[in-house]
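A quick write-up on the structure given underneath.
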Amino acid sequence: MLQIECPWCGPRDQSEFSCGGEAHISRPLEPDALDDIEWADYLFFRKNPCGRHYEQWCHIFGCRRWFNAIRDTVTYKFIAYYEMGANPPELD
Ligand SMILES: [Zn+2]
């Protein structure tokens, strides 16, 4: 089973976590100023990279805290973990 490292609890089985999707998507500051295409882009369209993906995770069956992670979509390997609201760590 895939192991995910909660920043507060340490490594745990994937079954204890819930993925919240892509990280770093901010709600538009002026949603009324968006046209339909821009609004649809915010609501529905997400990156689907082959490689590093920035994701939100919640330790739902543990401490229930959210954090961000960088995961390789090819190998499923988690590359880094960092707090919500923080900038991603610099990687090679
Ligand atoms: Zn935890």
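Quick note: the coordinates plus some simple rules give every number you see, no bench work behind them. For clarity, every value in this text was computed on a predicted model and none was experimentally measured. Counting neighbours? That spans all protein chains shown, and the Cβs are built from the backbone with ideal geometry, glycine included.
For the chain, the mean residue ellipticity at 222 nm estimated from helices alone is -3000 deg cm²/dmol, where every DSSP H run of n ≥ 4 contributes -39500 (n - 2.57) and the total is divided by all residues, rounded to the nearest 500.
Give me the distance between the Cα centres of the stretch 78-92 and the stretch 1-34, rounded to whole Å. First find each Cα centre; the distance between them is then 12 Å.
Among the chymotrypsin sites (Phe, Trp or Tyr not before Pro) found in the stretch 30-92, those both in a DSSP coil and sparsely packed, with 14 or fewer other Cβ atoms within 10 Å of their Cβ, are Phe45, Phe61, Tyr76. Using Cα pairs under 8 angstrom and six or more residues apart, how large is the relative contact order of the chain, in percent? Worked out over the chain, it gives 25 percent.
Note on the chain: dipole from Cβ charges, positive end direction compared against Ile25, Pro7, Pro88; the farthest Cα belongs to Pro7. Compared with the direct C-alpha span, the chain from Ser26 to Asp72 gains 14.3 nm at full extension, assuming 0.36 nm per residue.
In a DSSP loop and with at most 13 other Cβ atoms within 10 Å, the trypsin sites (Lys or Arg not before Pro) in the chain are Arg46, Lys47, Arg64, Lys77.
Restricting attention to the chain, give the cysteines that have no other cysteine Cβ less than 4.7 angstrom from their Cβ. Unpaired cysteines in the chain: Cys19, Cys50, Cys58, Cys63.
For the chain, a crude dipole built from +1 on the beta carbon of Lys and Arg and -1 on the beta carbon of Asp and Glu, taken about the Cα centre, is about 500 debye to the nearest 20. On the principal axes of its alpha carbon atoms, the stretch 7-90 extends 43, 28, 26 Å, with the longest extent given first. Taking other residues whose beta carbon is less than 9 angstrom from the beta carbon of Ile79, and scoring Lys, Arg as +1 and Asp, Glu as -1, yields +2.
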